[in-house]
Ligand SMILES: [Mg+2]
Ligand SMILES: [Zn+2]
């Protein structure tokens, strides 16, 4: 936990460097803890990164080995690309009503299926629109290069991957698939089992096991998964929700800010 990590800063940590499985060259800070044959409290060294590095390990680039999970719509993309599709090709009244009912009278699954069923254009037409209209958030390329994040999305492989290709970025993607039927698009859910924590078709079930983990998101479908992370970076509706719930998070506008925060 990020909060736990902060709590550990300043506590005495006794570490036998020889026992660390990570190559010692990657743990330059750890050597600083060795003082003669005694490990000394990190506070005596006046360097907070020392303690943090012992818990997270450090890559040779000096960036903490934090697993980064990244939402796609409204997080990587400046505007939610599903909303862009619904606005352009779907039924705007149904879209607006479904978003109002989300989490109240309709589940996430019901909202997504109701909304996407109002899109009936051929997939190629929709993709051409997205490739022309979707803009990625500042700092995305830097975040991708430095942290190799997992893209975990409630959206669709068929729309995310061509946009990643357009950006010249190659990342692992976990998302759903779309069956673009002429009588209304149908979602092929990657994982149709509801989450044990929230009961929704939520992303928590598909989080990687690696810890520590940072989660970066913006919306309703990020709520539950974000709570499983050690650090939460949030904007827009997710930020408002976490604030209302009293959950600590780091607010971001650009992904450049997230890269800087992860390096701090
Ligand atoms: Mg989103
Ligand atoms: Zn959940």
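The values are calculated or read from the model by the stated rules, or taken from the named source; none is laboratory data. Note that the structure is a prediction, hence the values are computed from the model and not measured. All Cβ positions, even for glycine, are placed from backbone atoms using ideal geometry, and neighbour counts span all protein chains on display.
For the residues 208, 192, the requirement of being more than 16 Å from ligand 1 (Cβ to nearest atom), free of Cβ contacts under 8 Å to residues at least 12 places away in the same chain and outside any helix (DSSP H, G or I) singles out 192. State the number of residues belonging to the range 195-205 that are assigned to a loop (DSSP other than H, G, I, E, B) and either farther than 21 Å from residue 115 by Cα or within 16 Å of ligand 1 (Cβ to nearest atom) (or both). Adding up the residues that qualify gives 7. Among residues that are under 15 Å from residue 147 (Cβ atoms), more than 15 Å from ligand 1 (Cβ to nearest atom), without any contact (Cβ under 8 Å) to a residue 24 or more places away in the chain and in a helix (DSSP H, G or I), residue 244 is not included. Of the numbered criteria (1) buried (at least 17 other Cβ atoms within 10 Å of the Cβ); (2) under 23 Å from the mean Cα position of the chain (by Cα); (3) not in a helix (DSSP H, G or I), the one residue 79 fails is (1).
The residues of the range 66-108 that are touching a residue at least 60 places away in the same chain (Cβ under 8 Å) and away from ligand 1 (no atom under 14 Å from the Cβ), listed by number, are 66, 67, 68, 103, 107. Checking 111, 173, 135 one by one, the residue that is loosely packed, with under 13 Cβ neighbours inside 10 Å and within 16 Å of ligand 1 (Cβ to nearest atom) is 135 and no other. Condition check: under 17 Å from residue 72 (Cβ atoms), at pLDDT 95 or above, more than 11 Å from the chain's Cα centre (by Cα) and within 14 Å of ligand 2 (Cβ to nearest atom). Does residue 238 satisfy that? Yes. Residues in the range 214-224: is at least one exposed (fewer than 15 other Cβ atoms within 10 Å of the Cβ) and away from ligand 1 (no atom under 13 Å from the Cβ)? Looking for residues that are exposed (fewer than 15 other Cβ atoms within 10 Å of the Cβ) and away from ligand 1 (no atom under 13 Å from the Cβ), one finds none in the range 214-224, hence no.
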